[in-house]
1. Looking at the structure I just gave you, is residue 82 exposed (fewer than 11 other Cβ atoms within 10 Å of the Cβ), assigned by TED's automatic domain parsing to the domain that holds residue 309 and over 23 Å from residue 306 (Cα atoms)?
2. May I ask you to say which residue of 71, 77 is at pLDDT 95 or above and more than 19 Å from residue 119 (Cα to Cα)?
3. Of all residues in the range 26-47 being under 31 Å from the mean Cα position of the chain (by Cα) and surrounded by 14 or more Cβ atoms within 10 Å (Cβ to Cβ), which is farthest from residue 117 (Cα to Cα)?
4. Residue 173 - would you say it is over 21 Å from residue 99 (Cα atoms), small (Gly, Ala, Ser) and assigned to a loop (DSSP other than H, G, I, E, B)?
5. It is to be established whether one or more residues within the range 66-73 are touching a residue at least 24 places away in the same chain (Cβ under 8 Å) and either closer than 30 Å to residue 224 by Cβ or assigned to a helix (DSSP H, G or I) (or both).
6. Quick one: is residue 127 in contact (Cβ under 8 Å) with a residue 60 or more places away in the chain and either under 20 Å from the mean Cα position of the chain (by Cα) or closer than 30 Å to residue 279 by Cα (or both)?
7. Out of the residues in the range 190-223 that are of a type in the set (Val, Ile, Thr) and not in a strand (DSSP E or B), which is nearest to residue 245 (Cα to Cα)?
Amino acid sequence: MVSIGVLGYGVVGSGVVDLLQKNSERLRQKLGVDLNVLKVLVRNLDKYNDAGSLLTIKEEEVIHEKVDIVIEVMGGIHPAYDYVKKALKMKKHVITANKDLVAAHGEELMALALENQVCFAYEASVGGGIPIIRPMTDSLAANEISQITAILNGTTNFILTKMYKEDMDYGHALREAQQLGFAEANPESDVMGYDAARKLSILSTLAYDQKIDWKDIDVEGITEIDAQDIKYAKKLGCVIKLLAISRKNEKGVFAAVRPVMVSEKGPFGQIDNEFNGIRFEGDAIGEMMFIGKGAGKLPTASAVVGDIIHIVQNYKGKHGKVTAQGQRPSLKWEHPFQWMLRIKTNDRYKVMGSISELFAINNFMFDDAQDKGEVICVVEIENEQSGYEKLQELQSKGYIQGIKKMMKLEEMVS
């Protein structure tokens, strides 16, 4: 028998317990042992009526000598960090779905697991139900990964899908996401891009064997996207997606999370609602893409149970790799791309003349009377640094009241 303790009984924690109980017989036949949930830690016993003797408010009953595997699904850094460290030091295998914890302390916890000859597994921390961590550490280990391009946040993808397909404004789409449980009451981590940045840091650290701190990643969220952005993207045959992109070359690593226009007919353009998509480029595999539900009770619980199965079947005293070397990623895209520009002005003709002088290739989008206060165009950029220099020159003109920009990477990520 394998005894399991669970830290947290929210959406994911209850999903894990439900899945283990529902599929207990099938799992026993597959593994040759019973998986038994011994205790589940909660903050308030009075909140629950359906789990009986499983529940406890005492962490020592979960991180206990009789427990073989500790599952952490509390979320946040504290007290999860202290509990996980305690479990690893007691030589308990630990599984977590906590991307905040992994992004902040993953390397330390992996090192502690190796020191104590136990497993620290975190498949569910990125991509929900998409199996991605183990393929990277095992199946793709022979590859040199050069680029990751991904939709890593189901909340923002749901919101952008509603804005694109149903002409909802941002506020309305966010409220619907909250009503359906795809967004938290405080959605800041999702809509500002921080959640995707944490996940990108985990994937990039694994892919490039260099510690990429999520706080060093260039992050832009979706809160400034409006109906006009959606309208112009449609005219260009594009969809706006919040993309997490990292790329490694001889100069180092670029990493960013930002809204990007991609082809509506490309693979990323067709990933809607709460689904995630993660694409790798490797020297042996070429391009490989994983698509699936990036969040939710059962998809995330599935990834946690997958880690349980992996530990029971295959654990041989190792898991993952510890990356000691750290590197600050580049904040600028170093390859040619396009920008869609929305320039507020009271002199459209002067702006159009300035753009024609600054950018070798541009395409103006002439629209109806309501847009007379804007110039909308798509310009070719040699690299992001030179693009910003040209925008600064444009901004210095006395007839420019504001510039809004959005990357168009159709050729790169479609």
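1. Spelling it out, it is not the case that residue 82 is exposed (fewer than 11 other Cβ atoms within 10 Å of the Cβ), assigned by TED's automatic domain parsing to the domain that holds residue 309 and over 23 Å from residue 306 (Cα atoms).
2. 77
3. 42
4. The answer is no for residue 173.
5. no
6. In short, yes.
7. Taking the candidates together, the pick is 217.
So that you can scan it fast, the table gives a plain yes or no per residue for (1) in the same structural domain as residue 303 (by TED's automatic domain parsing); (2) farther than 21 Å from residue 258 by Cβ; (3) crowded, with 24+ Cβ neighbours inside 10 Å; (4) of a type in the set (A, V, I, L, M, F, W, C):
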{"residue": "139", "(1), (2), (3), (4)": "no, yes, no, no"}
{"residue": "170", "(1), (2), (3), (4)": "no, no, no, no"}
{"residue": "176", "(1), (2), (3), (4)": "no, yes, no, no"}
{"residue": "185", "(1), (2), (3), (4)": "no, yes, no, yes"}
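The values are calculated or read from the model by the stated rules, or taken from the named source; none is laboratory data. Predicted model, so just to flag it, every value in this text is computed and none were measured. Note that each Cβ is placed from the backbone with ideal geometry, even for glycine, and that neighbours are counted across all protein chains shown.
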